[in-house]
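Student: Let me begin by handing over the structure; questions about it come next.
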Amino acid sequence: MSIVIKGARPYGEGEPVDVLIEDGVIAAIGEVNVPEGTEVLDAKGQVLLPGFVDLHTHLREPGREDTETIDTGSAAAALGGYTAVFAMANTDPVADNALVTDHVWRRGQEVGLVDVHPVGAVTVGLKGEKLAELGTMAKGTAAVRVFSDDGVCVADPLLMRRALEYSSALDAVIAQHAEEPRLTVGAQAHEGEQASRLGYAGWPASAEESIVARDCLLALHANARLHVCHVSTAGTVDVLRWAKERGTKVSAEVTPHHLLLTDDRLETYDPVNKVNPPLRTGGDAEKLRAALAEGVVDCVATDHAPHAVQDKDTEWAAARPGMLGLQTALSVVVETMVKTGLLDWRGVARVMSERPAEVGNLAGHGRPIEAGEPANLTLVDPDAEWTVRGAELASIAANTPYEGMRLPGVVTATLLRGRITAREGKIC
Ligand SMILES: NC(=O)N[C@@H](CC(=O)O)C(=O)O
Ligand SMILES: [Zn+2]
Ligand SMILES: [Zn+2]
């Protein structure tokens, strides 16, 4: 089992080199001796990166297999350049016990396109009332290391404190959907000019920022690790900076859509733009880009949220929040961060692979492209462009906000432990 990637540029740097992969591991880089019968993957000078890691994916299995399954979601992930994803716990039944988390892990391994790491729920049934058995999920086959009630906030400060204390003993992290529910009752859109004009109840920035500030204090006092899901406001960036300066073990993610899209989109009334947290202002997006470049926001996570037509193609208030993200993430990062000069390809590797692997505690992903390292790799054509068509994406659902958009950067191959999982837009 050997493959040679011919003429790739690791991190987009230097002259093209050959990368020999044997038994799932990078065997040599540079002038390599290619054994007889080695499969050749011609990289044509394209950019070679460590396989991407998504800390925040909704795969909808079990419960809503009409919108996504571990199978179809894994395909979308591989086509998007991912080698590992974290599947959120807001399934039906909820992933609040080892039976469900171990199923998700095993099913992901059976499909074999990406490592699907289940996120365990923090509270039983995501109800925010009592802690789930984090320990049994951590000790199961899936070895859960990320816990989250994403979709809802762990709003009770005492419960959040206990969750942080408990998780630190497990070397795990609590990923918080930061939304003070008392401040977002009935909310439909970012509280601002657009929402006022369109008559939507607002989701104020402070509903996010107040929870992030509270949780940073709780994490600092518990000496525990906190991860902030889908950061969406400029104010949250300030809170994160302050908390990090004080030595809080906090990490944060931003979604591609919060980097690119703004609440100007609401004018169309198209619920494809409805998402939690809501699309914010241009000023917020600009500050999020700068924070990601600087490292105050650690990484990009998709919050890939497939929804059925009947749950999305409705009047605004009835539509479910969320949008697809796995196959468009890299391109949106190229558009917002690379083309703008905010990140080079090393930076892309950092925010799409290395940092998320560290936050999620994955030993085999987000590793340097060096001999002896696992061959979890993504090949990107930096000069190519493509047009997004929801119906052509691998997900069952088609709710992409980028429909018809032309985006830069094409994933041309993904390798999981030396096996090609996706090549030229097709699953292998
Ligand atoms: N982001 C969303 O708008 N929706 C997510 C839940 C979540 O991430 O909060 C979903 O599960 O659909
Ligand atoms: Zn969320
Ligand atoms: Zn989510």
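The values are calculated or read from the model by the stated rules, or taken from the named source; none is laboratory data. Just so it is clear, the model here is predicted, and its values are computed rather than measured. Note: ideal-geometry Cβ built from the backbone for every residue, glycine included; neighbour counts use all protein chains shown. Only protein heavy atoms, including side chains, enter the accessible area calculation; ligands, DNA and RNA are left aside. Shrake-Rupley method; radii C 1.70, N 1.55, O 1.52, S 1.80 Å.
Student: What are the ³J(HN,Hα) values, in whole Hz, obtained from phi via the Karplus relation 6.51 cos²θ - 1.76 cosθ + 1.60 with θ = phi - 60°, for each residue of segment 211-226 in sequence order, with x given for Gly and Pro?
Tutor: With the stated coefficients, segment 211-226 comes to 6, 4, 5, 4, 5, 4, 5, 4, 5, 4, 5, 8, 6, 10, 9, 10 Hz.
Student: Sticking with this structure for a sec: What list of ³J(HN,Hα) values in whole Hz, one per residue of segment 84-91 in order, does the Karplus curve 6.51 cos²θ - 1.76 cosθ + 1.60 (θ = phi - 60°) give from phi, with Gly and Pro shown as x?
Tutor: Result, ordered by residue: 8, 9, 9, 8, 5, 8, 7, 9 Hz.
Student: Using θ = phi - 60° and the Karplus curve 6.51 cos²θ - 1.76 cosθ + 1.60, what whole-Hz ³J(HN,Hα) does each residue of segment 167-176 get, with Gly and Pro shown as x?
Tutor: Once rounded to whole Hz, the list reads 5, 5, 5, 9, 6, 10, 10, 9, 9, 9.
Student: Using a 7 Å offset from the Cα along the Cα-to-Cβ direction at both GLU245 and ALA201, what is the distance between the two label points in nm, to one decimal?
Tutor: Between GLU245 and ALA201, the label points sit 3.7 nm apart.
Student: In segment 51-359, what % of DSSP beta bridges are antiparallel (nearest 5)?
Tutor: Working: 1 of 25 bridges.
Rounded to the nearest five, the antiparallel share is 5 percent.
Student: To continue, here is another question. Please give the net charge around HIS177, taking every other residue with its beta carbon less than 9 angstrom from that of HIS177, where Lys and Arg add +1 and Asp and Glu add -1. The partial results should precede the final answer.
Tutor: Numbers: positive: none; negative: ASP149, ASP150, GLU179.
The answer is -3.
Student: What nm value, rounded to one decimal, do you get for the distance between GLU370 and ASP270 when each label is placed 7 Å out toward the C-beta?
Tutor: 4.6
Student: Ranked highest first by the average count of other Cβ atoms within 10 Å around their residues, in what order do 67-76, 148-157, 177-186 fall?
Tutor: Values: 67-76: 25.2, 148-157: 21.6, 177-186: 16.9.
Final packing ranking: 67-76, 148-157, 177-186.
Student: Could you size up the charge dipole of segment 51-359 around its Cα centre, putting +1 on the beta carbon of Lys and Arg and -1 on that of Asp and Glu, and report it in debye to the nearest 20? Can you show the working numbers first?
Tutor: Details: 29 positive and 44 negative charges, 142 e Å.
Value, rounded to 20: 680 debye.
Student: Ok, one more. State the percentage of accessible surface on segment 51-359 attributable to carbon and sulfur atoms; use a 1.4 Å probe and exclude ligands, DNA and RNA.
Tutor: 51
Student: In deg cm²/dmol and to the nearest 500, what is the mean residue ellipticity at 222 nm of the chain if only DSSP H runs of at least 4 residues count, each as -39500 (n - 2.57), divided by the residue total? Don't skip to the end; give the middle numbers.
Tutor: Values: 13 runs with 116 residues, N = 428.
Calculated from helices alone, the mean residue ellipticity at 222 nm is -7500 deg cm²/dmol.
Student: Identify, among THR281, LEU261, ALA76, the residue whose Cα sits farthest towards the positive end of the charge dipole of the chain, taking +1 on the Cβ of Lys and Arg and -1 on the Cβ of Asp and Glu, with the dipole about the Cα centre.
Tutor: THR281
Student: Amide H to amide H under 5 Å from ALA189: which residues, 5+ apart in sequence or cross-chain, H placed 1.01 Å off N in plane?
Tutor: Placed amide hydrogens put TRP203 under 5 Å from ALA189.
Student: Still on this structure: Which net charge results when you count Lys and Arg as +1 and Asp and Glu as -1 among the other residues whose beta-carbon is under 11 Å from that of THR233? Don't skip to the end; give the middle numbers.
Tutor: Numbers: positive: ARG280, LYS287; negative: GLU191, GLU208, GLU209, ASP238, ASP284.
Value of the local net charge: -3.
Student: Moving on. Could you name the aspartates and glutamates in cross-link range of LYS249, using Cα to Cα under 18 Å and dropping any fewer than eight places away on the same chain?
Tutor: Straight-line reach from LYS249, under 18 Å: GLU165, ASP171, GLU209, ASP215, ASP238, GLU294, ASP298, GLU354, GLU358.
Student: Can you check what the net charge comes to around VAL359, using other residues whose Cβ is under 13 Å from the Cβ of VAL359 (Lys, Arg +1; Asp, Glu -1)?
Tutor: Details: positive: ARG145, ARG225, LYS249, ARG350, ARG355; negative: ASP54, ASP171, GLU253, ASP298, GLU354, GLU358.
Spelling it out: positives minus negatives among the neighbours equals -1.
Student: Skipping prolines and chain starts, which residues have an amide H placed within reach, meaning under 5 Å, of the one on ALA178, given they are 5 or more residues away or on another chain?
Tutor: For ALA178, the qualifying residues are CYS229.
Student: Now a separate question. Roughly what % of Cα-Cα distances in the chain sit above 33 Å, to the whole percent? Provide the component values of the computation, followed by the final result.
Tutor: Values: 26355 of 91378 pairs.
Percentage above 33 Å: 29.
Student: Long-range amide H contacts for ALA398: which residues qualify at under 5 Å (H placed 1.01 Å from N, peptide plane, sequence gap of 5 or more or a different chain)?
Tutor: Correct list: HIS307.
Student: GNM, the chain, Cα, under 10 Å: largest mean-square fluctuation among ALA142, ALA201, ALA252?
Tutor: ALA201
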